[in-house]
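The values are calculated or read from the model by the stated rules, or taken from the named source; none is laboratory data. Note that the structure is a prediction, hence the values are computed from the model and not measured. Please note: Cβ atoms are built from the backbone with ideal geometry, for glycine as well, and neighbour counts cover all protein chains shown. Quick note on the areas: whole protein, heavy atoms, side chains included, nothing else; ligands and nucleic acids left out. Shrake-Rupley method; radii C 1.70, N 1.55, O 1.52, S 1.80 Å.
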Amino acid sequence: MENPATGGRHRRPEPDDLDTADTLVTAAPWAPPAQRTAPAPYPAPAIDPLDASPLDQTVEMAGLPDLIAQDAPRGAGTPGSPPDEPPAAPAPTDGEDESSGLGRKASKALGWSLASTILGRVGRIAFGIWIARLLGPDEFGVYALALVFQLAILSFNELGVSLAIVRWPGHPREIAPTVATISVLSSVIIYIGCFFATPFIASAMGAPGATPVIRVLTLSVIISGLVAVPVALLQRGFRQDKRTVADLTTAIVSPLTSIACAVAGMGAMSLAVGTLAGSVVGAALFIWFAPEGLRFGFDRAIARKLLTFGLPLAGSSIVVFAAGNIDKMVVGALFGVRSLGIYTNAFNLSNLPVSIFSTPMRAVAPAAFARLQHDKPRMNRAFLMSSGLLGAIALPACVLLATAPYPLIRIVYGTAWEASATVLPWLAALGALRIFFELIYDFFVVLANTRAVFTIQVVWLIALAPSIWVGSHFFGLPGAAAAQFATGLLVVLPLYLRELSRAGIRPRSIAGSVAMPIAAGAVVAGLVLLIQVFVTNDWVVLPLVGLVGMAAMAAVLYRMRATLKSLRSTNPESTPA
């Protein structure tokens with residue numbers, strides 16, 4: 001008999017077909033434009049008022065947990081297989097053809113993801129500059145407060161169940177209808193509760209006027225529930241090409257709508273309306289592009305196991321969100337929405353290297369690591385090569401932000417935003433750490449070492465809360481940013497390195513993979529500071545330091561061309577252990 005939950009004539013999977021022995025997984029940001037996965041290895045996605053689509057808060061937030069048993073459940077067969085035969089295992093063989101095929105597929109997906117991110121970011125940056133100049137820190141701060149609230153809900157709204165789509169060893173139609181039903185139903189219920197709680201939360205943060213903005217913006221929570229399954233299906237199939245179309249469409253619709261509303265005098269509400277409009281259009285495209293579309297159904301046995309997996313994940317996602325956003329909550333509570341706007345603007349700038357370079361890698365790395373998990377030496381080499389490549393691309397950009405904040409802020413945003421320059425150096429340094437942390441997170445999730453990741457994030461939150469309060473209380477906004485960087489460097493980094501060592505990746509190997517990018521970053525920092533000593537005109541300084549950064553990036557990438565070639569082919573012989 002045909003099973004309505006699977007859409008095919010397969011035996012309904014039994015409850016024990018899902019392996020939930022190790023399901024305490026932290027969500028990882030589906031960092032815009034992805035992830036949307038909601039929480040990330042650095043606790044959370046950036047609070048970017050210009051990049052707040054709920055479509056980016058779905059799958060990538062959570063990485064790739066080892067949700068499903070390595071052996072596929074009986075009856076969860078692929079199309080054309082007998083009903084009671086297990087499907088083909090998703091893990092690759094040791095053959096060269098399979099390895100080369102994976103390398104080409106992951107490389108192509110990474111290329112599309114990088115193109116989508118860069119093209120989308122160009123539009124968002126231009127729009128962000130315009131809207132920041134138009135609204136000013138006060139209105140921008142109101143929207144930033146609303147966005148903190150939105151991201152808090154998006155960290156757990158679909159209860160973590162959509163991640164099963166990515167890792168399911170059989171055909172995803174087995175569980176997709178049940179996942180869709182849970183995601184949408186939970187999102188609607190959560191939004192209703194938040195609608196009535198919003199006035200009390202806004203008043204507690206000292207901004208009762210933000211209530212309508214929060215209510216409009218958090219409608220995107222329902223959209224996030226709707227697209228949870230379609231986005232997961234596209235990620236599973238490495239279909240970053242179709243996702244690029246949806247992301248770029250969203251990036252066009254959202255700013256145009258916000259600009260029209262801002263010109264009409266809607267203030268912070270213009271950003272909320274624009275974000276919601278772009279999300280609706282993007283969601284329609286994701287649903288259209290999804291291989292299985294959007295189908296609803298409910299299988300009680302599957303739902304019970306999905307919730308057993310998803311609820312601990314949702315709880316850990318809340319921890320991740322708190323660790324990533326406690327600084328905004330403290331700044332908003334202590335200094336008001338204007339200071340929150342200034343701080344958030346600096347945070348958004350510091351997040352550019354993360355979102356442009358790290359997010360595309362994170363859209364591909366979990367699935368690529370998962371395909372190599374049966375060959376641990378190759379997987380470890382892929383991690384080291386990815387670390388070096390990300391460092392070569394992103395570190396020069398982080399150094400530029402940290403060493404030339406004043407010319408950048410004054411020229412791009414205007415003198416009204418100059419206070420952001422006092423915060424940016426610390427947050428840019430933190431951004432460099434975040435890029436590395438996010439890659440480690442994805443690596444550990446595929447290794448099913450999720451309990452260690454969750455423990456690190458809890459320790460991070462425990463250490464971060466008092467340090468940010470002390471830093472903010474005694475040193476203002478720069479103190480809050482410096483506390484974040486210090487906690488990441490002195491607490492979180494050593495913990496991650498210890499866990500990597502246990503996984504077979506020694507600190508010496510990591511140091512070797514990132515030595516060249518770090519050296520290039522040090523040279524860039526010295527040259528940028530020297531330029532600012534002899535050149536005082538901001539309009540001259542900014543192009544000069546930009547050229548220095550681009551030259552350093554190109555030089556390091558050229559020196560690492562063999563590593564890049566090895567990473568593209570996923571050839572285990574290419575790089576020494």
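Once you order the gyration tensor axes a ≥ b ≥ c over the Cα atoms, which shape class does region 190-309 get: rounded for a/c under 1.5, otherwise prolate or oblate by comparing a/b with b/c? Verdict is oblate for region 190-309. Spatial offset of region 425-465 relative to region 480-545 amounts to 16 Å, using the alpha carbon center of each.
Roughly how many Å is it from the Cα centre of region 209-228 to that of region 238-294, as a whole number? Their Cα centres are 13 Å away from one another.
At a Förster distance of 45 Å, what's the computed FRET efficiency of Val412 paired with Leu490, Cβ-Cβ distance as r, to 0.05? Don't skip to the end; give the middle numbers.
Numbers: r = 32 Å, r/R0 = 0.71.
That gives a FRET efficiency of 0.90.
Shape of region 312-447 from its Cα gyration tensor (a ≥ b ≥ c, root eigenvalues): rounded if a/c is under 1.5, otherwise prolate when a/b > b/c, or oblate?
Details: a/c = 3.58, a/b = 1.66, b/c = 2.16.
Judged from the Cα gyration tensor, region 312-447 comes out oblate (a/c at least 1.5, b/c at or above a/b).
Is the C-alpha gyration tensor of region 151-259 telling us rounded, prolate or oblate? Criteria: a/c under 1.5 is rounded; beyond that, a/b larger than b/c is prolate, otherwise oblate. Let's see the in-between values first.
On the way: a/c = 3.23, a/b = 1.53, b/c = 2.11.
Since a/c reaches 1.5 but b/c is at least a/b, the shape of region 151-259 is classed as oblate.
Near Gly265, within a Cβ-to-Cβ distance under 15 Å, what is the net charge of the other residues, with Lys and Arg +1 and Asp and Glu -1?
Numbers: positive: none; negative: Asp138, Glu139.
Its environment carries a net charge of -2.
Summed over the residues of region 120-272 and divided among them, the accessible surface reaches 30 Å² per residue at a probe radius of 1.4 Å. Electrostatic bookkeeping for Ser513 treats Lys and Arg as +1 and Asp and Glu as -1; over the other residues with beta carbon under 14 Å from its beta carbon, the sum is +4. Surface composition of region 135-240: carbon plus sulfur atoms hold 75% of the accessible area, using a 1.4 angstrom probe and ignoring ligands, DNA and RNA. Surface composition of region 387-540: carbon and sulfur make up 73 percent of the accessible area, probe 1.4 Å. A simple packing score, the average count of other Cβ atoms within 10 Å per residue, orders the peptides 548-558, 377-387, 436-446 as 436-446, 377-387, 548-558, with the highest score first.
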